[in-house]
Amino acid sequence: MFRWKRLAAVAAVAAIALTGCAANTGSTSAASSTLTLGVLVPATTFSAEGMNWANESPYGQAVYDGLVRANPDGEIVPWLATKWEYNADNTVLTMTLRDDVKFSDGTPFTADVAAQNIIRFRDGDSANKSFLVNVADAKAVDATTLQITLKAADPALLTYLSQNAGLQESPKAFDSADIKTKPVGSGPYLLDSTSTVIGSSYVFTKNPDYWAPDDQHYSKVVYKVFTTPTALLNAVKGGQVNATNTYDNTTLDQMEAVGFTTNKLELNWTGLILFDRGGTVSKPLADVRVRQAINYAFDSAALLKAVGKGYGTVTGQIFPTNSPAFDAALDTTYSYDPAKAKQLLADAGYANGFTLDQPSSAFFGTAIYTLISQQLKDVGITVKYTDPGNNFIADLLAPKYPSSYMTLQEDPRAWQIANFALTPEATFNPYHYVDKTVVDLTAKIQTGTTAEADQAAKDLNAYIVKEAWFAPWYRQQSSFMTDKNTTTTVQQGNAYPYLWNFLPKS
C-alpha cells in the first residue's frame, strides 16, 4: 500500500546516498537458489510489536509467521490458525491454532503466546497499532485455542491479522535488549546478522526447522535498499536484483529493455480531497454544488496522461475494483465539463469564483500544482498554494487546509476505507465532519450480514460520490518488476507482493 504515514519518510531518505551494495548477478539458478529483492525503505524494526507493513512487509514475512494469510486477491486463508469462528454478534473470535510449530529458539507456539503477541501489538509502537483498537482482550482457552474479545465488531480484523498485527514472536525475545535488530520468529528464514548491513542490505538464510518447507522457495533471500530512483534503475540494469518495487513509472521502459517484466496493480487513487465539507474555513466547500463543480472542472483523462504518464485508469470513486462498494458507472459521474462547473458555481452564488487554499509538496513535483491551478482557474476558482515543507501530512491532518492534492490508498475492505477517510473520527476526515448517512451506512457495514454490509458499502460509495467528498481523477498503476528468472503475483492492497509468492522460473 502507498501508506500516507510514509510520505514524509520516503521524501527524507531520497537524498541519502546508497552504501554497502556489492554487485551480484541476482541469479536464481538451482545452484545458488538466492532471491535478491530491491526494497525502497530499510527495516524500521524487527520487533513484532512495532513492525510496519506496506513496503516493509518483506522484513516481517521473512522471519515471522502470521495467524492467517491473505491470498493475492485478499481472501483470508488459514496459517498458524487452522480455523476460526465468530459469536453471534461478531464480538468474539475463537481461533484453533497449530500444535506443531516452534520458534527458532525452540520455544513452542501456543495460544498463550499468540494472545501475548496480540496484546503487545495493540499496546506497542507500530504505526499500525490502531488495527487492533477494537481488541478488548486476547486469551488462551487452552494450548491450541485463542479467544479474541472485541469492544465492537470489526469486519477488517482478519485482514489485520494477516498483516503485521498477526505476526508471532517468541516470548523469550520480548524482554531482549536487541529485540529490534535480532528477530526470533517461527518463519521460513533467519536473519543473518553477520552478513547484514543495517539500512543497506539484509540477508536471510533458510530456516532448517521450518514447519512449512514447501513455502521456502529459496535457500537465501537478500533485501537491498535503494533510496533513490537512479540507484534502483542502475541496480536493475546491472543485474543486482531479481525483483523490485518502483518509486514511480518513469523508468519502466528502461527496466523492460533489460528483460524485466512489469507486474501491474492499481493500488491508490489520485486527485483532490475536499476536507472542509462543513465550510469551517472555506465556506464555499459547504455547498455540494461547489464540490461537484470542482469534480467537473478536471479533465481526468488528460491528467492521467500528463501526470500519471498514462499508467492507470480514470475513476470517480475511492473504492477499489475488488470491493463490493465499487460501481463502474460511478467512474463517469463527473465527466469533464467546465461549462457545467461554471453553472454550478453560479447556482451556488459564486459566479465570480472564489479563492481556495491548498498545500504543495516537493514530493509530488511542481507540474501537478500548475495543472490543478489552471483547470480550476478555467472555471473561476483561484488556488492559493502554501508549502508546509516536511509538515505536509501533519498540516493536512491538523487541519490547516480545506482541500489538497493527494495520492491515497485503496484498502481492500470497505470498513477500512470508511474508518480511514469517511467517519467522523477518521484520520483523513480531519475536520471531523459528521454526516448521518455516512455514519448509518458504516454501522451497517460493521454489524450487518454479509449481504447487508455489501449493499451498505455500495450505497456508501454512491453517496459520497454524489456528495462529492473527493475529486478522484484516476487509479495510479503501481508497478513491481521481476527479471527473467523470477515470477510473482501482486498482492491486492499491498505495494509489495507477499514473500511466499516469489518463485524461480523452472
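Values in this text are rule-based calculations from the coordinates and carry no lab data. In this text, all values refer to a predicted model and were calculated from it rather than measured experimentally. Cβ coordinates were reconstructed from backbone atoms using ideal geometry, including for glycine residues, and neighbour counts include every protein chain displayed.
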In the list [x] 22.8; [y] 25.9; [z] 49.9, the entry giving mean projected area of the Cα convex hull in nm² computed from the coordinates is [x]
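What number, in percent, do you get for the relative contact order of the chain if the mean sequence gap of Cα pairs under 8 Å and at least 6 apart is divided by its residue count? Working shown, then result.
Numbers: 1090 pairs, mean separation 107.1, N = 506.
21 percent.
Fewest first, what order do 107, 159 take by the number of other Cβ atoms within 10 Å?
Numbers: 107 16, 159 22.
Taking fewest neighbouring Cβ atoms as first place, the list is 107, 159.
Using only DSSP helix segments of four residues or longer, with each worth -39500 (n - 2.57), what per-residue ellipticity at 222 nm results for the chain after dividing by its residue count and rounding to 500?
After summing the helix terms and dividing by the residues of the chain, the value is -6500 deg cm²/dmol.
With 10 angstrom as the radius, rank 56, 75, 467, 169 by how many other C-beta atoms surround their C-beta, starting from the fewest.
Numbers: 56 23, 75 11, 467 16, 169 30.
Going from least to most buried by this count: 75, 467, 56, 169.
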Over the stretch 266-477, what is the relative contact order in whole percent, taking alpha-carbon pairs under 8 Å and six or more residues apart? 38 percent
For residue 206, which lysines qualify as cross-link partners when the Cα separation must be under 17 Å and same-chain residues fewer than eight apart are set aside? 102, 182, 220
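Let's test the formula: R0 of 56 Å, r as the Cβ-Cβ distance of residue 102 and residue 346. What FRET efficiency results, to the nearest 0.05? Please report the intermediate quantities before stating the final value.
Working: r = 71 Å, r/R0 = 1.27.
Efficiency, rounded to the nearest 0.05: 0.20.
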Would you mind getting me the FRET efficiency between residue 283 and residue 90? Use the beta-carbon distance for r and R0 = 51 Å, nearest 0.05. 0.80
Where Cα atoms sit under 16 Å apart: lysine pairs in the stretch 266-477 separated by 8 or more or lying on different chains: 10
For residue 357 and residue 425, what does the FRET efficiency come to when R0 = 25 Å and r is the distance between their Cβ atoms, rounded to the nearest 0.05? 0.55
